[in-house]
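Trainee: Can you read through this structure? Questions will come right after.
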Amino acid sequence: MSMRVHIVAGYIHQDICETMIEAARQIEGELECRIDHVVWVPGSLEAPLAAKELIERDRPDAIVVFGVQEQGKTKHGEVIAHQ
């Protein structure tokens, strides 16, 4: 029986996250798991809450979070990075 995996990904950098998701899909069989669900969230700050909700609702075997944290060149970037 394969492990059920859910993915949480940030859509602000959707192109990069889609590349990471595709790479994960390519090794599902090798890792004896299957990606059951992908949830898109605005960014890294929202990812933990989405992961928590998936765990409580669906009880997957694993959660994988994909996102991009840009180097803080703005105050907003610094605040998000520190969260």
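Every number here is computed from the coordinates shown, using simple stated rules; none is lab data. Small disclaimer: the values here were computed from a predicted structure and weren't measured. Glycine also receives a Cβ, built like all others from the backbone with ideal geometry; neighbour counts cover every protein chain displayed.
Trainee: Taking every pair of Cα atoms in the chain, average 1/r, invert it to obtain the Kirkwood radius, and report Rg/Rh to two decimals.
Mentor: With Rg and the Kirkwood Rh in hand, the quotient comes to 1.02.
Trainee: Only Cα pairs under 8 Å and at least 6 apart count here; give the relative contact order of segment 22-83 as a rounded whole percent.
Mentor: Taking the mean separation of contacting Cα pairs over the length of segment 22-83, I get 24 percent.
Trainee: Any idea what the dipole of the chain comes to, in debye rounded to 20, about its Cα centre with Lys/Arg Cβ at +1 and Asp/Glu Cβ at -1?
Mentor: 240 debye
Trainee: While we're looking at this one, here's another question. Roughly speaking, what is the stretch gain from Arg34 to His76, that is 0.36 nm per residue apart minus the C-alpha to C-alpha distance, in nm to one decimal? Don't jump to the answer; show the numbers that get you there.
Mentor: Values: separation 42, 0.36 × 42 = 15.12 nm, distance 3.56 nm.
Once the chain is fully extended between Arg34 and His76, it gains 11.6 nm.
Trainee: With axes computed from alpha carbons, what is the tilt in degrees of helix 47-58 against the longest principal axis of the chain, rounded to the nearest 10 within 0 to 90?
Mentor: Roughly 30 degrees between the two axes.
Trainee: Also: Which value in deg cm²/dmol, rounded to the nearest 500, describes the helix-derived mean residue ellipticity at 222 nm for the chain, given -39,500 (n - 2.57) per DSSP H run of n ≥ 4 and division by the residue count?
Mentor: -12000 deg cm²/dmol
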